[in-house]
Amino acid sequence: MKTIAAIATPPGQGGISIIRIAGDEALDIADKIFKPINRNIKPSQKEHGTFLYGHVINPTLEAQTVDEAIVLIYRAPNSYTKEDTVEIQGHGGIVCAERILQTAIENGASPAAPGEFTKRAFLNGRIDLVQAEAVMDLINADSKKAANAAIEQLDGHLSENFNKVYDDLMDVATNIEATFDFVEHELPESVMLGIIKSVEKVKLETKELIDTWNEGHLLRDGVLLVISGKPNAGKSTLFNRMLGFERAIVTNVAGTTRDTIEEKIIISGISFRLVDTAGIRESDCHIEQEGVSRALSIIDRADINIYVTDSSEPGNQDIKDHIDALPKDKSIIILNKIDKKQLFDKSILNDFVVIETSLTAPEKNLGNITAAIVTMLGINPNSQPHAVISSRHKNILQKIFRLINEAEELVQLEDESQLIFAAGQLREAIELAGEITGKTYHKSLLDNIFSRFCIGK
Ligand SMILES: Nc1nc2c(ncn2[C@@H]2O[C@H](COP(=O)(O)OP(=O)(O)O)[C@@H](O)[C@H]2O)c(=O)[nH]1
Ligand SMILES: [Mg+2]
């Protein structure tokens, strides 16, 4: 494989930048472009895990100095990609890093594609596909919980679960296929029951993994938390208080917020996309109508809805209709303005989670609202870090689940002639299970996964 190079640190000003070179010629290239202060030794003569201090020079430009730097030496197989690797640490900033990279390229390295180092780590067998995906999840993590889940996945804990499903599927399929030798004589009842049991077991394991998707989705994508309600209910007041600054305009003029406004916040280590919306009402103004239709569309997609209503008003059919349309397990009703005379008819709230408060009263903190949100999500903020599946994993696992289900129905017939079909379904499931961790893969799958990485990782 050709030797690749890329800047591994983000562009911009900083203390240092790191240029990574990996492949068979990494050390030769380092010899050409790096002159240690101690002239008697070259990078290629250094052992694994050592470093040299000196200068990056351009040998083609009369050995002009490019940067002052140190070079870290990794020898195969003890590196990120399992290949010989050098990391040059130069000064931060765009110019230095770019010049070092250019010098490496002029002296034999090829520019790395996005995710190419991690792809090599996978192809060279250091990590599986699920761990490779964890690298990207970790880089993209924007909350502690998301980072913890990614680290668990990188450590291989999620892969262990997938491998268990793979191995158990393999065992059942093999056991079923072993019964094909019984053609001459009757299959013992105990064997049939054993097969039924093991199919049920692997089905349950698959189901338990699929069930981690919701948490995985919430951690990876952030929880979409949408504040809605009638105009003037106090939505923007709540939005600003949750953010901790006056982001949305708050006035007593109904229809002030016209567009949806989104900001990111962290609650209990979980990342949220907090959205303020236009108050829902009929309006002749087409700008406001557009705002209302945007509000309705995002309410549909919300992971959690917060519906704010004014408790100093009696409430009406409109409010009842809004509330009735919300999913109970994903919605919290805020009865706001309890500092005023109370006129609201609470009977329209049915058995929703309701919090009564006054959002303009500084002494009322939002603790009960955020606690209700976290409880509703079903993510325990104090739980031990654990890995959770991604959408790619879920899509494959659902197909596997269907195949196991079909196999289960066939074995439950306790009819030997049907076992061959059950084995067929399970073999197909095994093939799919291999695609999750990359035991089997197509080039397009790798391209799809690694093209989403950054260059230098
Ligand atoms: N008395 C009282 N007024 C409130 C309370 N919460 C919000 N308001 C006021 O209600 C008006 C509308 O608030 P706003 O957040 O803009 O409502 P939105 O239209 O739902 O976004 C503003 O004048 C707020 O100061 C509350 O708890 N008590
Ligand atoms: Mg508003």
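Name the single residue that is farthest from the chain's Cα centre (by Cα) among those in the stretch 43-76 being open to solvent by 40 Å² or more (accessible area, probe 1.4 Å) and at pLDDT below 95. By that ranking, first place goes to Glu62. Among the residues of the stretch 142-177, those that are of a type in the set (A, V, I, L, M) and either outside the structural domain of Met192 (by TED's automatic domain parsing) or under 14 Å from Ile389 (Cβ atoms) (or both) comprise Ala146, Ala149, Ala150, Leu158, Val165. Scanning the stretch 253-272 for residues that are away from ligand 1 (no atom under 12 Å from the Cβ), part of a strand (DSSP E or B) and not charged (D, E, K, R) yields Ile265, Ile266, Ile267, Ile270, Ser271, Phe272. The set of residues in the stretch 101-115 that are more than 15 Å from Thr81 (Cα to Cα) and touching a helix residue (DSSP H, G or I) at 6+ places or on another chain (Cβ under 9 Å) comprises Thr103, Ala104, Glu106, Asn107, Gly108, Ala109, Pro111. Only one of the listed residues (Leu238, Leu225) is surrounded by 16 or more Cβ atoms within 10 Å (Cβ to Cβ) and more than 13 Å from ligand 1 (Cβ to nearest atom). That residue is Leu225. In the stretch 46-69, the qualifying residues are those that are in a loop (DSSP other than H, G, I, E, B) and hydrophobic (A, V, I, L, M, F, W, C), and the one that is farthest from Lys35 (Cα to Cα) is Leu61. The residues of the stretch 38-78 that are touching a strand residue (DSSP E or B) at 6+ places or on another chain (Cβ under 9 Å) and of a type in the set (Ser, Thr, Tyr), listed by number, are Ser44, Thr50, Tyr53, Thr65, Tyr74. Mind telling me which of the residues Asp321, Asp345, Asp303 ends up being away from ligand 1 (no atom under 16 Å from the Cβ), in contact with a His (Cβ under 9 Å, 6 or more places away or on another chain) and either closer than 17 Å to Ala372 by Cβ or of a type in the set (Asp, Glu) (or both)? The unique qualifying residue is Asp303. Only one entry in Asn316, Asn305 is under 20 Å from Asp345 (Cβ atoms) and in the same structural domain as Asp339 (by TED's automatic domain parsing), namely Asn316.
For the residues Glu435, Glu414, the requirement of being open to solvent by 10 Å² or more (accessible area, probe 1.4 Å) and part of a loop (DSSP other than H, G, I, E, B) singles out Glu414. Can you confirm whether Glu152 is in a helix (DSSP H, G or I), surrounded by fewer than 20 Cβ atoms within 10 Å (Cβ to Cβ) and without any contact (Cβ under 8 Å) to a residue 24 or more places away in the chain? Spelling it out, it is not the case that Glu152 is in a helix (DSSP H, G or I), surrounded by fewer than 20 Cβ atoms within 10 Å (Cβ to Cβ) and without any contact (Cβ under 8 Å) to a residue 24 or more places away in the chain. Being crowded, with 23+ Cβ neighbours inside 10 Å, assigned to a helix (DSSP H, G or I) and of a type outside the set (Asp, Glu) is true of Ala132.
The conditions are (1) open to solvent by less than 10 Å² (accessible area, probe 1.4 Å); (2) assigned to a helix (DSSP H, G or I), and Leu296 fails exactly one of them. Which is it? Of the numbered conditions (1) open to solvent by less than 10 Å² (accessible area, probe 1.4 Å); (2) assigned to a helix (DSSP H, G or I), the odd one out for Leu296 is (1).
Beta carbons closer than 7 Å, at least 6 apart along the sequence or on distinct chains, pair a first residue in the stretch 230-245 that is without any contact (Cβ under 8 Å) to a residue 40 or more places away in the chain and over 18 Å from Val292 (Cβ atoms) with a second that is within 7 Å of ligand 1 (Cβ to nearest atom) and open to solvent by 40 Å² or more (accessible area, probe 1.4 Å) for Asn240/Val250.
Being within 16 Å of ligand 2 (Cβ to nearest atom), open to solvent by 10 Å² or more (accessible area, probe 1.4 Å) and either at pLDDT below 95 or within 28 Å of Gln384 (Cα to Cα) (or both) is the requirement here; does Ala254 meet it? So Ala254 fits the description; yes.
The values are calculated or read from the model by the stated rules, or taken from the named source; none is laboratory data. Quantities reported herein were computed from a predicted structural model and do not represent experimental measurements. Every residue, glycine as well, gets a Cβ built from its backbone with ideal geometry; the counts of neighbours run over all protein chains shown. Just so you know, the surface numbers come from the protein's heavy atoms only, side chains and all, with ligands and any DNA or RNA stripped out. Shrake-Rupley method; radii C 1.70, N 1.55, O 1.52, S 1.80 Å.
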